[in-house]
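Q: Could you have a look at this structure, given as structure tokens, before my questions?
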Amino acid sequence: MLKVAVMVSGGGTNLQAIIDAVEAGTITNTEIVAVVSNNKGAYALERAKNAGIKGIVVSPKDYETREQFNEALVQQMDLLQVDLIVLAGYLVVIPPAMIDKYENRIINIHPSLIPSFCGTGFYGLKVHEAALERGVKVVGATVHFVDKGTDTGPILLQKAVAVELGDTPEVLQRRVMEQAEWLLLPQAIDLIANGKVSIVNGKTVIED
Ligand code: GRF
């Protein structure tokens with residue numbers, strides 16, 4: 001049984017997709033042991049509570065320094081004894097020590113087809129604003145393993161989504177969530193939970 005912690009900062013629609021997929025059996029062999037947020041007001045914590053999942057807040061605001069926050073976060077993860085950490089709309093930089101300790105055991109969902117519209121400053125609506133500004137015809141989402149860069153780790157899954165005439169950033173974001181993010185993240189967790197993913201020379205290999 002894969003023990004998973006999901007890290008969130010906001011509304012938690014990706015978390016909800018994971019919760020629903022576990023309940024529906026499209027994610028197998030997996031237990032969500034906790035939802036961890038930097039933001040005590042995150043609606044994602046309500047979603048966790050409604051699903052009977054432990055919600056934990058570890059906020060940088062509660063620590064004197066970033067180093068103290070980083071240490072507290074790693075300690076919290078170690079206490080949970082998780083196999084996989086899933087970043088689902090989590091907006092705080094992951095401590096390098098945590099990336100070392102959980103090498104290739106942290107995945108993130110990014111709302112673009114990496115390497116487009118990613119890296120520092122590209123999150124949330126900003127990603128979709130940039131895509132519309134550039135005039136691309138296809139966007140999408142990516143699940144990748146987290147390394148010490150920003151959106152630079154081995155890509156695991158991607159799914160393309162069409163841009164439609166008259167799209168606003170909000171409409172496009174919603175379509176990317178519905179048609180890509182909410183499908184890819186559960187699929188990624190199920191693949192990992194069933195031992196179907198390996199990383200060779202910095203690239204993922206997925207067994208059929
Ligand atoms: C959204 O911008 C989503 O594309 C990205 O994180 C943000 C919040 O998602 N992955 P969520 O509703 O909190 O899962």
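Q: Short version: ³J(HN,Hα) in whole Hz for each residue of segment 35-42, in order, from phi by Karplus 6.51 cos²θ - 1.76 cosθ + 1.60 (θ = phi - 60°), x for Gly and Pro, what are they?
A: 10, 10, 10, 7, 10, 5, x, 5
Q: Same structure again: Between residue 164 and residue 72, 0.36 nm times their residue separation minus their Cα-Cα distance comes to what?
A: 28.7 nm
Q: Follow-up. Sticking with the crude label model, points 7 Å out along Cα→Cβ, report the distance from residue 61 to residue 79 in nm, one decimal please.
A: 2.0
Q: If you don't mind, there's one more thing I want to ask. Given the -39500 (n - 2.57) contribution per DSSP H run of 4+ residues, what per-residue ellipticity at 222 nm results for the chain, rounded to the nearest 500 deg cm²/dmol?
A: When only DSSP H runs of four or more count, the value is -10000 deg cm²/dmol.
Q: Okay, moving on. Could you rank 19, 155 by how accessible they are, 1.4 Å probe, largest area first?
A: 155, 19
Q: Oh, and also: How about residue 203: which aspartates and glutamates have a C-alpha closer than 17 Å to its C-alpha, ignoring those fewer than 8 places off in the same chain?
A: Reachable aspartates and glutamates: 103, 147, 151.
Q: Averaged over every viewing direction, what's the projected area of the C-alpha convex hull for segment 85-208? Give it in nm², one decimal, please.
A: 7.5
Q: Just to confirm, what accessible area per residue do you get for segment 41-135 at 1.4 Å probe, in whole Å²?
A: 54
Q: Here's another thing I want to ask about it. List every residue whose amide H lies under 5 Å from the amide H of residue 204, counting only residues 5 or more places away in sequence or on a different chain, with H placed 1.01 Å from N in the peptide plane.
A: For residue 204, whose amide H was placed from the backbone, the distant partners under 5 Å are 155.
Q: Okay, next question. Note down the nm distance, to one decimal, between modelled labels 7 Å out along Cα→Cβ at residue 29 and at residue 120.
A: Label-label distance for residue 29 and residue 120, simple model: 4.0 nm.
Q: Using the membrane-span-like helix rule (whole DSSP H runs, Cα extent along the own axis of at least 20 Å, mean Kyte-Doolittle hydropathy at least -0.5), which helices of the chain qualify?
A: TM-like helix candidates: 66-80.
Q: For segment 69-148, what is the Kirkwood hydrodynamic radius in Å, using each pair of distinct C-alpha atoms?
A: The answer is 13.9 Å.
Q: In whole Hz and in residue order, list the ³J(HN,Hα) couplings for segment 95-100 that follow from phi through the Karplus curve 6.51 cos²θ - 1.76 cosθ + 1.60, θ = phi - 60°; x for Gly and Pro.
A: Going residue by residue, I get x, x, 4, 6, 5, 4 Hz, with x marking Gly and Pro.
Q: Provide the packing ranking of 198-206, 102-110, i.e. peptides ordered by the mean count of other C-beta atoms within 10 Å per residue, highest first.
A: Going from most to least packed, we get 102-110, 198-206.
Q: Then there is this: Based on the Kirkwood radius over alpha-carbon pairs, what value in µm²/s does the Stokes-Einstein equation return for the translational diffusion coefficient of segment 127-179 at 4 °C and 1.567 mPa s?
A: The calculation lands on 109 µm²/s.
Q: Using the Cα centre of the chain as the reference point, and only Cβ charges (+1 on K/R, -1 on D/E), how large is the resulting charge dipole? Debye, rounded to the nearest 20.
A: 120
Q: Roughly how many debye, to the nearest 20, is the charge dipole of segment 1-92 about its Cα centre, given +1 on each Lys and Arg Cβ, -1 on each Asp and Glu Cβ, and no other charges?
A: Roughly 220 debye, rounded to the nearest 20.
Q: Moving on. Please report how many Lys pairs in segment 54-169 have alpha carbons closer than 20 angstrom, counting only residues at least 8 apart along the chain or sitting on separate chains.
A: 4
Q: Stretched out fully, how many nm does the piece from residue 40 to residue 134 gain, at 0.36 nm a residue minus the Cα gap?
A: 30.3 nm
Q: Further, regarding this structure: Antiparallel DSSP bridges in the chain: what percent, to the nearest 5?
A: Counting only bridges with both partners in the chain, antiparallel ones make up about 45 percent.
Q: For a quick check: with amide H placed at 1.01 Å from N, whose amide H comes under 5 Å from residue 159's, ignoring anything fewer than 5 positions away on the same chain?
A: 141
Q: Let me ask something else. If you average 1/r across every pair of different Cα atoms in the chain and take the reciprocal, what Kirkwood value do you get, in Å?
A: 17.3
The values are calculated or read from the model by the stated rules, or taken from the named source; none is laboratory data. Keep in mind that this is a model prediction, so the values were computed, not measured. Cβ sites come from the backbone with ideal geometry, for glycine too, and all protein chains shown count toward neighbours. For the accessible areas, the whole protein counts, side chains as well, though only heavy atoms, and no ligand, DNA or RNA atoms are used. Shrake-Rupley method; radii C 1.70, N 1.55, O 1.52, S 1.80 Å.
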